[in-house]
Amino acid sequence: MLSVRDLETRFVTRRGVVYAANGVSFDVGDGEIVGIVGESGSGKSVTISSVLGLIRPPGAVVGGSAMFDGTDLLKLPGRALRHIRGARIGFIAQNPFGALNPILNIEAQFANVTRAHGRADRATIRQNALEMLKRVGIAGPERVLDGYAHELSGGMAQRVVIALALLLNPSLVVADEPTTALDVTVQRQILDLIAGLIREGRRSMLIVTHDLGVVAQYCDRVVVMYSGRVVEEGPVATVFTRPLHPYTLALLRAVPRRGEPIQALGGRVPDLLSKPVGCAFRHRCAFAKPRCESETPEIRPVASTNPLGRTVACHLDVEREVPALAAG
Amino acid sequence: MANVVQANSDAQSSPAPVAAQQRVAKPSRSGGFLRLVARRLLLIPISMFFVITFSYFLVEMMPGDPALAIAGTTASEREVTIIRQQLGLDRPFDERYASFIAGVVQGDFGISFFDGQSVRESIFRFLPASLELMVLSLSLAALIGISIGAMAGYFRRRAPDSIARIGITALQAVPEFLIGLLLIFTVFYLWRLAPPPVGRLGLSDSYPDPVTRFLFIDLIIAGDWDGLVSALHRALLPVLTLAIGTAAYFAKVSRTTIGAAMESRQVQFARACGLSEFMVLRYALLQARTPILTYAAILIGTLVGGASIIETMFAWQGLGQWGLASIIALDVPAIQGFIIATGLFSMLVYLALDLLVAALDPRVTHE
């Protein structure tokens, strides 16, 4: 479905060049839900923006490829890419009140999205919009359609965003932290709704989050990012039960558990102003070796777990050392 | 006052079933709107009282003696005293203030010290010309300025933006009269593309009957098409002069607001939905509309009566030219009338702006 290889994105700022994505690779299979996790500044959002062609100057995608159904999105001219965005790839934004247009009524926004990808008369647009709003669980779709974004609650507004994203029946949905801006009480409802619509339509989804619980519950596979790189990738079940990268291990340990003290991950994410040499995580890694200083670890398949498609970027003998350390 | 409603956060206490609960609160907009109009209209007399008082004291504190100015340097002491009595300047201060207020309330601004004309008459005679100049130059300025600003904002931090920024800064640094002089020198003197800057109509043209006192409209009413062409031709340079200077301000504010809107999440989402770049720019313009309109209103308020130098330079016979001449001549009633008229005009423009913004933005309620 989507295959991203060696994605490199940079931003030229006054303070210097920010290396936001440095050779990011991952796959999203047919009907698969893939989660990208990492701390703020790990390059999660930049990665999906790059794939969707939403990076604007001073940023630029400088290398790599993103194959979607046989076409490289990164090489596509703007117009062709625009026709894929919104039609074949849906996008669910983080904050619905930031995403929806406050001045146009909701119906106009459905009309604009529909007309961006083809001709349609008003009655058809309204009919489709009503149907879509019903499918995302909005009880009074007529009133919502005639109203404005600010008249909606956060959960309702996000349902409208989901309806817009799925309006043209995309095969891939990209969601950028779809619930972080919402009240805790509605986060679950929204995630259940999204996951349900994805599974039901046999779509694929790429979801960015910093919530490991979300990944554990809704995703098939997980991509762990750190400092603009993928440090570990694999099926959620095995990655979470048997992490191979020290960073994944630290992330999992930082999840609060009942009756256990929280093991916070010390240190900070390095700024990405200098082209990183060596492993970016070494300053916070309890197991760093001299080699981590000088040599950037390449992402590599892990032999014993190969059938599961697990990869990791670490100089340690992850199959023996990390589990041992995790145990100790 | 108009308030922007904050987006409600989701406050569903009990987890709702599959269908989210309806929480659509719709304030009645039309009823509230009329109340907003009424309230803002009521504020105008209060504000105007301060403007009137201010105009009175400002002129009162101005250095120079109008009686002396009228009598001239060779006049004797006695002559000056007589003039002072004629003008009523010998009466005590509070008495003059009270009668001034009483007059203004009745729409009487007094008689000019110099030409003996009713100040109110003069305002109504000169205001239409200024309005015509303002409307034409401001429309042109908005067209040029917003286009440049939108382009610069769209291509933020890229070549078109840098060029526009340099141009805007340069234009803002050049005084308007210099732009006017340069245009007169090139367009009139060198290229002979415009008539000489000596008034709104040529010597051979005849002025139409003052039906509306707006020259262009009166010419149309009179069916004097040659006169209209001549008047438009003569309006070219002053309109252009004022428009170029003003366009820089429009460009600056639209560049900033549209540039910021282009980077907003709203525009990012619009792009992610596959909207065309034209539509994306339209979304950004919708977002940037209010600040640009506000700026336009301020410019309208400033330009009526504030375009004195350009009006004088092109002998436009507008309010600004008249006001400037009155100030130089120490024509106290005329200056007071000028301040009150431009003050009232600005207030009405700001009122119109507030109502327009309230009508255009669905988020503004009128409680």
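Computed from the coordinates by the stated procedures, all read-outs in this text should not be read as laboratory data. Quick caveat: nothing in here was measured; it's all calculated off a predicted structure. Positions of Cβ are backbone-derived with ideal geometry, glycine not excepted, and every protein chain shown enters the neighbour counts.
Can you put A:Leu76, B:Leu242, B:Leu360, B:Leu36 in order, fewest other beta carbons within 10 Å first?
Ordered from fewest to most neighbouring Cβ atoms within 10 Å, A:Leu76, B:Leu242, B:Leu360, B:Leu36 come out as B:Leu360, A:Leu76, B:Leu36, B:Leu242.
What FRET efficiency would be calculated for the residue pair A:Ala286, B:Ile166, taking the C-beta separation as r and a Förster radius of 60 Å, to the nearest 0.05?
It comes out at approximately 0.65.
Which shape class applies to the stretch B:126-328: rounded if a/c is under 1.5, otherwise prolate when a/b exceeds b/c and oblate if not, where a ≥ b ≥ c are the square roots of the Cα gyration tensor eigenvalues?
prolate
Counting DSSP beta bridges in the stretch A:2-223, what percent are antiparallel, to the nearest 5?
Roughly 55 percent of the DSSP beta bridges within the stretch A:2-223 come out antiparallel.
What average count of beta carbons from other chains do you get within 10 Å of the Cβ of residues in A:114-126?
1
Could you give the spread of the C-alpha atoms of the stretch B:247-331 along their three principal axes, from largest to smallest, in whole angstroms?
Taking max minus min along each principal axis of the Cα atoms, the stretch B:247-331 gives 63, 20, 13 Å.
Between beta-carbons, use under 15 Å as the cut-off and find the net charge around B:Leu58, counting Lys and Arg +1, Asp and Glu -1.
So the surrounding residues net to -1.
So how far apart, in nm, are the two label points at B:Ala75 and A:Arg119 if each is 7 Å from Cα heading toward Cβ?
Roughly 8.1 nm, to one decimal.
Give the dimensionless ratio obtained when the Cα radius of gyration of the stretch B:62-149 is divided by 2.2 N^0.38 Å.
The stretch B:62-149 yields a ratio of 1.66.
How much mean residue ellipticity at 222 nm does chain B get from its helices, if each DSSP H run of length 4 or more adds -39500 (n - 2.57) and you divide by all residues, to the nearest 500 deg cm²/dmol?
-23000 deg cm²/dmol
Given a cut-off of under 8 Å on Cα pairs at least six residues apart, what relative contact order in percent is computed for the stretch B:126-328?
Averaging sequence separation for qualifying contacts and normalising by length gives 35 percent for the stretch B:126-328.
Report the dimensions of the stretch A:1-106 along its three principal axes from the alpha-carbon atoms, largest first, rounded to Å.
Per principal axis, max minus min of the Cα coordinates gives 41, 37, 29 Å.
What is the stretch A:2-223's relative contact order, in percent, from Cα pairs under 8 angstrom and six or more apart in sequence? All intermediate terms of the calculation are to be shown ahead of the outcome.
Values: 385 pairs, mean separation 64.2, N = 222.
In percent, rounded to a whole number, it is 29.
Debye calculation, C-alpha points only, no solvent: report log10 I(q)/I(0) for the stretch A:111-175 at q = 0.25 Å⁻¹, in the same order as the q values.
-1.19
Compute the distance from the alpha-carbon center of the stretch B:78-111 to that of the stretch A:73-119, in whole Å.
Rounded to whole Å, the Cα centres lie 68 Å apart.
Please give the helix B:29-61 orientation as an angle from the longest Cα principal axis of chain B, in degrees from 0 to 90, rounded to the nearest 10.
It is inclined by approximately 30 degrees.
How high is the relative contact order of chain B, in percent, with contacts defined as C-alpha pairs under 8 Å that are six or more residues apart? Please list the in-between numbers first.
Values: 416 pairs, mean separation 105.3, N = 367.
Relative contact order of chain B: 29 percent.
Could you tell me whether the stretch A:70-228 comes out rounded, prolate or oblate from its Cα gyration tensor? Rule is a ≥ b ≥ c as square roots of the eigenvalues, rounded for a/c under 1.5, then prolate if a/b exceeds b/c, otherwise oblate.
Oblate, since a/c reaches 1.5 and b/c is not below a/b.
Calculate the tail of P(r) for the stretch B:141-210: the fraction of all Cα-Cα distances greater than 18 Å, expressed in %.
I get 60 percent for the Cα pairs in the stretch B:141-210 exceeding 18 Å.
Could you pull the Cα extents of chain B along its three principal axes, largest to smallest, in whole Å?
Its Cα atoms span 94, 56, 41 Å along the three principal axes.
Please report the antiparallel percentage of DSSP beta bridges with both residues in the protein assembly as shown, rounded to the nearest 5. Mind dumping the intermediate values first?
Working: 33 of 53 bridges.
In the protein assembly as shown, approximately 60 percent of DSSP beta bridges are antiparallel ones.
Hey, what's the Cα Rg ratio for the protein assembly as shown versus the globular rule of thumb, 2.2 N^0.38 Å?
Working: Rg = 34.4 Å, N = 695, 2.2 N^0.38 = 26.4 Å.
Dividing the Cα Rg of the protein assembly as shown by 2.2 N^0.38 Å gives 1.30.
Calculate how steeply helix B:332-360 sits against the longest principal axis of the alpha-carbon atoms of chain B, using the helix alpha-carbon long axis, and give the answer as 0 to 90 degrees to the nearest 10.
Tilt relative to chain B: about 10 degrees.
Would you compute, from DSSP H runs of 4+ residues alone, the mean residue ellipticity of chain A at 222 nm, taking -39500 (n - 2.57) per run and dividing by the full residue count, rounded to the nearest 500?
Calculated at 222 nm, the ellipticity per residue is -9500 deg cm²/dmol.
Quick one: order B:Asp94, B:Asp224 by neighbouring beta-carbon count within 10 Å, fewest to most.
Working: B:Asp94 8, B:Asp224 18.
Placing the least packed residue first, the sequence is B:Asp94, B:Asp224.
I'm a student and want to see the number: the projected area of the Cα convex hull of chain A, averaged over all directions, in nm².
18.0
What is the fewest-to-most order of B:Ser162, B:Ser276 by other Cβ atoms lying within 10 Å of their Cβ?
Numbers: B:Ser162 13, B:Ser276 17.
Placing the least packed residue first, the sequence is B:Ser162, B:Ser276.
Where does each of B:267-275, A:20-28, B:176-184 land if you order them by average Cβ count within 10 Å, highest first? The partial results should precede the final answer.
On the way: B:267-275: 25.3, A:20-28: 22.1, B:176-184: 16.9.
Ranked by mean Cβ neighbours within 10 Å, highest first: B:267-275, A:20-28, B:176-184.
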